[in-house]
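One structure is given below, represented as structure tokens, and several questions about it will come after.
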Amino acid sequence: MGYSDPSGRDLLGNRSLCFIFICAFGLVTLLQQILYGKNYIKRYFEFYEGPYNFNSTICKDLRQEIMDVKVLSMVKQSELFDRWKSLQVCKWEMNKVEANAFKTSLSRCCNAPTFLFTTKKNTPAGTKLRYEVDSSGILHISAEIFKMFPDDMPFSRSQFKKCAVIGNGGILKNSKCGKEIDSANFVFRCNLPPISDKYAIDVGYKTDIVTINPSIITERFQKLEKWRKPFYEVLQTYENASVVLPAFYNTRNTEVSFRVKYVLDDFDSPQSVFYFHPQYLLNVQRFWMMQGVRAKRLSSGLMLVTAAMELCEEVHLYGFWAFPMNPSGIFITHHYYDNVKPRPGFHAMPNEIFNFLHLHSRGILQVHTGVCR
Amino acid sequence: MKGSALNSNGILRMISKFPRNKLPMGAALGIAVLYWLYIFTLYRIPSDKEIVNEVLRQGNVWKKNLTAALMFRKQLEECCDPKNLFAVTKQNTPLGSTLWYDGEFFHSLSVNNDTYSLFIKETPLQQALKKCAVVGNGGILKNSGCGKHIDKADFIMRCNLPPLSKEYIQDVGTKTQLVTANPSIIEKRFRNLLWSRKAFAESVKIYGSSYIYMPAFSMKPGTDPSIRAFHTLSDINANQTVLFANPEFLWNVGKFWKARGIHAKRLSTGLFLVSLALGLCEDVTLYGFWPFSVDLNEQSISHHYYDNVLPYSGFHAMPEEFLQLWLLHKSGTLRMHVGPCPDEV
């Protein structure tokens, strides 16, 4: 029902209203194109001469664009991808000032070189160890448990020059990053990922620390109550890598994690087994909470990155990408080896990744998402 | 005492109060008495001393009685078919069949793919064996010097993973072809194999390439430890083969001996092995079967040759079993060695 004047002409009726709307829409789109499109046009017409320096003005602008996104929900995902993609023309360089400040704040909160794992030094026999999940209660460290701990932390602050932390994202598939990863001084991997020849070209062989989630042991290896050799054989593919388990997350994890140590001892394996100190994990969680990463539980990837930040001078992340498509918008699998989605609502993966992109822009660590040369 | 007297008074009063209840109560009492008679023997078991005297009177005189041996073996074959049924095999327990636990009241396990894969293909002792030795763990073996005698046998069976370390070799020998392992031992000595398994793997090495015979399907709590023992040994590619005792065989052997007057909740492993040996071998010799606290010279001896841990009372009826075996010895069906073995062989 439109308004019609007595002369019979349709002054502000249905049709003219429609027309006005269309015109307004067109105008806004045009304005947008003029305002934002400028950058793109500029970029396309500029003569591309290899990657830009980290500190060149254009890179500063590009990085600022990512830093401007304060919360993930502020922009559309595709918009973030675009900004990230355009940043790829810039070389990455460590920002010493930022990185040192960040590391100092980390050492103040978490102190990985002394508290990352439970050791004989930081957890004497008779300690009442509090589980990470409060409701799980307290574990009394008996002489037998104490015996399984290493004498002291095996790593010291900034011991390694260049570290690589491998998330297992599907983005690693066909990345050809294997060589680059193997060239790092120290390589962290999460959750017992396959590194067979089939994947080696993308993910490399070298492993110095591998974490195992006890739920994997429960599901794939029947809690080690039955056969143990299959599990041992899987661990052997990592050669001398140390195995790290969140044994003191909750009571369910403890027995299974201890069993891993027994299995390796029984088979006379030189690999050592470490357990995350629950207090360290809690501190890390609190630290990231203040940085805006909220989740029921942080992923083991983030834990490793946090530890690596303290143990290494330079941290490179590979395979940390938790979106259904890569920055170019092509759909990818969830992991580089399978496409099993995790339980929703437990981890806040996109948030964590977004956080890494920020750290990358600040020059604290480098996130690799493209193809390696 | 007082309490029980009062109690029985109360029951009597109750019975007289309700005359109608007299009959069922009487019947119940009668059944209780019969059951009591069944469990506790009517005849008195001879005392240790009498048995010692009896054994001494018999002395070293023993003569094999082939007909008795053959007859006994035939009886065993009829009831239990030891050769084919003593262990669970893929042949006698096909996929989907049900294993009824012989030590539980009403409990069974149906064979699925997982369990079926644990079974040996077919019964391992096909051909008849000539000379078998069954070695019990009685303290009488200590300083007996029977080691060489035992090692002469073709097939040597031992009970309950006994120690065979250097200090015992002289008395118990070194060879083993079949050794039983009670799940309760796995639970106690090896912490159920849930933690470190090395101790177990090391301790069975001493038995060479023998069979480890486990009553996995007798008691409910015994199944998991037994299967874990199988996993442990298959993980390290051990020489030993785990055989699971067939509950049907154990049940039948139990009935067989019950008919001959052994009143125990459960037969000892030794007697199961003797029954198996009698069914499989031509000559059976027993060593270390002596459940008494004194030896033939009335010197007190330890319970086992390696320790002096007494078993739960009332579970096994060792003296009765010994008497039965002694009867077989006297009849020439098998030979029982008590006391030291002579030096010359």
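The values are calculated or read from the model by the stated rules, or taken from the named source; none is laboratory data. This structure is a prediction, so every number in the text was calculated from the model and none was measured. Using ideal geometry, Cβ is built from the backbone for each residue, glycine included, and neighbour counts are taken over all protein chains shown. Note: areas computed on protein heavy atoms with side chains; ligands, DNA, RNA excluded. Shrake-Rupley method; radii C 1.70, N 1.55, O 1.52, S 1.80 Å.
Based on what the data block shows, is residue A:341 modelled with pLDDT under 90, within 16 Å of residue A:167 (Cα to Cα) and of a type in the set (Lys, Arg)?
Numbers: modelled with pLDDT under 90: yes; within 16 Å of residue A:167 (Cα to Cα): yes; of a type in the set (Lys, Arg): yes.
Yes; evaluated as a whole, the condition is true for this residue.
Would you tally the residues in segment A:253-312 being open to solvent by less than 30 Å² (accessible area, probe 1.4 Å), among the charged types (D, E, K, R) and more than 14 Å from chain B (Cβ to nearest Cβ)?
2
Sticking with this one: Do you know which residues across segment B:199-221 are touching a residue at least 40 places away in the same chain (Cβ under 8 Å) and out of contact with any helix residue (DSSP H, G or I) (no Cβ under 9 Å at 6 or more places or on another chain)?
Of everything in segment B:199-221, those that are touching a residue at least 40 places away in the same chain (Cβ under 8 Å) and out of contact with any helix residue (DSSP H, G or I) (no Cβ under 9 Å at 6 or more places or on another chain) turn out to be B:206, B:207, B:211, B:220.
Here is a list: A:88, A:64. Which entry is touching a Gly at 6+ places or on another chain (Cβ under 7 Å) and open to solvent by 70 Å² or more (accessible area, probe 1.4 Å)? Explain how you work it out, then say what you get.
Details: A:64 fails: touching a Gly at 6+ places or on another chain (Cβ under 7 Å).
Result: A:88 is the single residue among A:88, A:64 that is touching a Gly at 6+ places or on another chain (Cβ under 7 Å) and open to solvent by 70 Å² or more (accessible area, probe 1.4 Å).
While we're looking at this one, here's another question. Just the residues that are open to solvent by less than 40 Å² (accessible area, probe 1.4 Å) and either over 22 Å from residue B:164 (Cα atoms) or modelled with pLDDT under 90 (or both), please, taken from segment B:216-234.
Within segment B:216-234, B:216, B:217, B:218, B:222, B:223, B:225, B:227, B:228, B:231 meet the criteria.
Continuing with this model, one more query. Please indicate, with yes or no, whether at least one residue in segment B:56-78 is at pLDDT 85 or above, open to solvent by less than 60 Å² (accessible area, probe 1.4 Å) and out of contact with any Ser or Thr (no Cβ under 9 Å at 6 or more places or on another chain).
no
Sticking with this structure for a sec: Looking at segment A:339-354 only, could you name the residues that are free of Cβ contacts under 8 Å to residues at least 24 places away in the same chain and of a type in the set (Gly, Ala, Ser)?
Of segment A:339-354, the ones free of Cβ contacts under 8 Å to residues at least 24 places away in the same chain are A:340-344.
None - no residue of segment A:339-354 is free of Cβ contacts under 8 Å to residues at least 24 places away in the same chain and of a type in the set (Gly, Ala, Ser), so the list stays empty.
Examine segment A:150-161 for a residue that is touching a helix residue (DSSP H, G or I) at 6+ places or on another chain (Cβ under 8 Å), assigned to a helix (DSSP H, G or I) and surrounded by fewer than 18 Cβ atoms within 10 Å (Cβ to Cβ), and state whether such a residue exists. Can you show your working first?
Taking segment A:150-161 and keeping what is touching a helix residue (DSSP H, G or I) at 6+ places or on another chain (Cβ under 8 Å), we get A:153, A:155-160.
From what is left, the residues that are assigned to a helix (DSSP H, G or I) are none.
So far as segment A:150-161 goes, no, none of its residues is touching a helix residue (DSSP H, G or I) at 6+ places or on another chain (Cβ under 8 Å), assigned to a helix (DSSP H, G or I) and surrounded by fewer than 18 Cβ atoms within 10 Å (Cβ to Cβ).
A follow-up question, please. Mind listing whichever residues of segment B:222-262 are among the polar types (S, T, N, Q) and touching a residue at least 60 places away in the same chain (Cβ under 8 Å)?
Within segment B:222-262, the subset among the polar types (S, T, N, Q) is B:223, B:226, B:232, B:234, B:237, B:239-241, B:246, B:252.
B:223, B:241, B:246, B:252 - these are the residues of segment B:222-262 that are among the polar types (S, T, N, Q) and touching a residue at least 60 places away in the same chain (Cβ under 8 Å).
While we're looking at this one, here's another question. Listed residues A:318, A:336; which is more than 21 Å from residue A:161 (Cα to Cα), of a type in the set (Ser, Thr, Tyr), surrounded by 21 or more Cβ atoms within 10 Å (Cβ to Cβ) and touching a residue at least 12 places away in the same chain (Cβ under 8 Å)?
A:336
Out of the residues in segment A:212-234 that are touching a residue at least 40 places away in the same chain (Cβ under 8 Å) and surrounded by fewer than 21 Cβ atoms within 10 Å (Cβ to Cβ), which is farthest from the other protein chains (Cβ to nearest Cβ)? Write out each step before concluding.
Taking segment A:212-234 and keeping what is touching a residue at least 40 places away in the same chain (Cβ under 8 Å), we get A:212-214, A:217, A:234.
From what's left, surrounded by fewer than 21 Cβ atoms within 10 Å (Cβ to Cβ): A:213, A:234.
On the way: A:213: 20, A:234: 13 Å.
Among residues in segment A:212-234 that are touching a residue at least 40 places away in the same chain (Cβ under 8 Å) and surrounded by fewer than 21 Cβ atoms within 10 Å (Cβ to Cβ), the one farthest from the other protein chains (Cβ to nearest Cβ) is A:213.
Looking at residue A:114, is it assigned by TED's automatic domain parsing to the domain that holds residue A:265, outside any loop (DSSP other than H, G, I, E, B) and of a type in the set (Val, Ile, Thr)?
Numbers: assigned by TED's automatic domain parsing to the domain that holds residue A:265: yes; outside any loop (DSSP other than H, G, I, E, B): yes; of a type in the set (Val, Ile, Thr): yes.
So residue A:114 passes the test.
Please find, within segment B:305-325, the residue that is surrounded by the fewest Cβ atoms within 10 Å (Cβ to Cβ) out of those that are touching a residue at least 24 places away in the same chain (Cβ under 8 Å) and over 18 Å from residue B:272 (Cβ atoms). Walk me through it before giving the result.
Applying the first criterion (touching a residue at least 24 places away in the same chain (Cβ under 8 Å)) to segment B:305-325 yields B:305-306, B:308, B:314-325.
Still in the list and also over 18 Å from residue B:272 (Cβ atoms): B:305-306, B:308, B:314.
Numbers: B:305: 23, B:306: 19, B:308: 12, B:314: 9.
If we take residues in segment B:305-325 being touching a residue at least 24 places away in the same chain (Cβ under 8 Å) and over 18 Å from residue B:272 (Cβ atoms), then B:314 is surrounded by the fewest Cβ atoms within 10 Å (Cβ to Cβ).
Give just the number: which of (1) buried (at least 17 other Cβ atoms within 10 Å of the Cβ); (2) out of contact with any Ser or Thr (no Cβ under 8 Å at 6 or more places or on another chain); (3) at pLDDT 90 or above does residue A:132 not satisfy?
(3)
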